[in-house]
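Nothing in this text is a laboratory measurement; each read-out follows from the coordinates by a stated rule. Quantities reported herein were computed from a predicted structural model and do not represent experimental measurements. In this analysis, Cβ positions are derived from the backbone assuming ideal geometry, glycine residues included, and neighbour counts consider all displayed protein chains.
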């Protein structure tokens, strides 16, 4: 069992059960999956970029990424339907908890000029998305071997029915959200 999964079972779950006022552990929010995706539009000119991005994503996630193809042709971007333009990995179970543990405790603090994650990046259904501008924040990636910086999107999917429940779950797990400097509720 990973460290973050153990923290969820021993610390987070009892606090969430207390807040909801039930003894049923299935009634409180939990993590379902983490999806990491990379858009590699530059791979249209250079196939090597897609291969190197796939190697980096596999190193970060611990499993081989799925190559995504364009569904539509977009002439402004010189993309045709069927072109390989992206990569994605879906993590569940132990790999998901291990990745999130590394993300929260090691990678996010390595972001330059980091002041906290945006607490408003929820989708209304309890899922949180964040963007990372370069892969070098992950300790698995050797900074000397990077030929160019590649950003990625990370989506954390939960069973929460709304954003407040999901925000509380992620906060208890240790996600470093920004503090609202205005003293309000964070809206506006």
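For the chain, the longest principal axis of the alpha carbon atoms and the long axis of helix 93-102 meet at an angle near 90°. Label positions at residue 105 and residue 67, each projected 7 Å from the Cα along the C-beta direction, are separated by 3.6 nm. Annotation for the stretch 2-80 versus the stretch 106-167: alpha-carbon center distance of 10 Å.
If you fit an axis through the alpha-carbon atoms of helix 47-61 and take the longest principal axis of the Cα set of the chain, what angle between them do you get, 0 to 90°, nearest 10? Value to nearest ten degrees: 20. Between the helical axis of 163-173 and the longest alpha-carbon principal axis of the chain there is an angle of about 90 degrees. Full extension of the chain between residue 13 and residue 51 gives 9.6 nm of extra length, using 0.36 nm per residue less the Cα-Cα distance. The helix-only estimate of mean residue ellipticity at 222 nm for the chain, built from DSSP H runs of length n ≥ 4 each weighted as -39500 (n - 2.57), is -7500 deg cm²/dmol after division by the residue total.
What the Cβ-Cβ distance of residue 130 and residue 76 gives, at R0 = 25 Å and to the nearest 0.05, is a FRET efficiency of 0.35. For the chain, DSSP calls about 95 percent of its internal beta bridges antiparallel.
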